[in-house]
1. Would you mind pulling out the separation of the Cα centroids of region 173-189 and region 120-152, in Å?
2. Taking 0.36 nm per residue of separation and subtracting the Cα-Cα distance, what length does fully extending L167 through E9 add?
3. Go through K13/K46; K103/K212; K60/K210 and tell me which ones have a Cα-Cα distance over 21 Å in this structure.
4. Over region 1-74, what is the relative contact order in whole percent, taking alpha-carbon pairs under 8 Å and six or more residues apart?
5. Classify the chain from the C-alpha gyration tensor, please: rounded if a/c falls under 1.5, else prolate or oblate depending on whether a/b exceeds b/c.
6. Determine the relative contact order of region 104-210: mean sequence separation of Cα pairs under 8 Å and six or more apart, normalised by residue count, in whole percent.
7. Please list, in chain and number order, the residues 5+ apart from I7 or on another chain whose amide H is under 5 Å from its amide H, with Hs placed from the backbone.
8. Loop-only check: which trypsin sites (Lys or Arg not before Pro) in region 1-51 are DSSP coil with at most 10 other Cβ within 10 angstrom?
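Read-outs throughout are calculated quantities, based only on the coordinates presented, and are distinct from any laboratory measurement. The structure presented is a predicted model; accordingly, all values stated were derived computationally and were not measured. Glycine also receives a Cβ, built like all others from the backbone with ideal geometry; neighbour counts cover every protein chain displayed.
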Amino acid sequence: MNKRTRIYEGKAKILYEGPEPNTVVVHFKDDATAFNAEKKAVIDGKGVLNQRISEFLFNKINDMGLPTHFIRSLNMREQLVRAVEIIPLEVVVRNVAAGSLSKRLGIEEGTALPRSIIELYYKNDKLGDPMVTEEHVTAFGWATPQEMDDIVHMTVRINDFLSGLFLGIGIRLVDFKLEFGRFYENDMMRVVLADEISPDNCRLWDIATKDKLDKDRFRRDMGGLVEAYQEVARRLGIIQANEQLPRARPKLVKND
Ligand code: UDP
């Protein structure tokens, strides 16, 4: 068996060279981090659940005709994706006030926003991903005005689609983060959705009970993270109620 070539290891994923040109294998780890990696833990089963939820959502988004990096899942933890040049932006969409928006503007968590709000953050761990405007993005050349048009257009469609999908299974899509990349095909370049969509980068609240079914359970030391992610997967029809599920054994490495 050949050893795979590791391209990059991030906080929650490892990237390997793919089996075909211009492809990459994404391996979803069980590692959880928050607050710019100041808080870390390994949560058994999280990687599998995120991979399966993200696979499901990316397939749906591909079916809508929106271009994504996702090709197919290879196994429970790994996916084959197109190699893209990541645009260094975190595109956050908010439907309900929570997290940093509530803190920054003093708006109570849970307040419905008058309309959906898109925020841009410059992806740079050293700087703690500062919030930026489209002016910064185009002035510094992180993305062109045309690319920003594509990003905003796709983001609005994805938000409408995901909000409806989750509403149908009793879950409020409070906010989420997207990343985009440039995909080169012969002489053509297009902007495609990249990264993942999972409870690690969405806020998902049970509409009936207000339970949090997302990574805030880890950020806020609430416990029950794997059970919450399983509940999301179950409601989406990805796993069956009686399916053998990974056990949750959170091991706190550092917490400050
Ligand atoms: N988010 C993310 N990665 C980040 C920052 C935020 O996936 O580096 C997601 C987060 O899960 C939430 C949304 O973006 O669904 C908005 O996050 P917020 O700005 O409220 O920051 P947080 O409270 O997570 O620090």
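1. Distance between centres, Cα-based: 13 Å.
2. Extending this stretch completely gives an extra 53.4 nm.
3. K60/K210
4. Averaging sequence separation for qualifying contacts and normalising by length gives 17 percent for region 1-74.
5. Verdict is rounded for the chain.
6. 17 percent
7. So I7 has HN proximity to L15, Y16, E17.
8. Those satisfying the criteria are K3.
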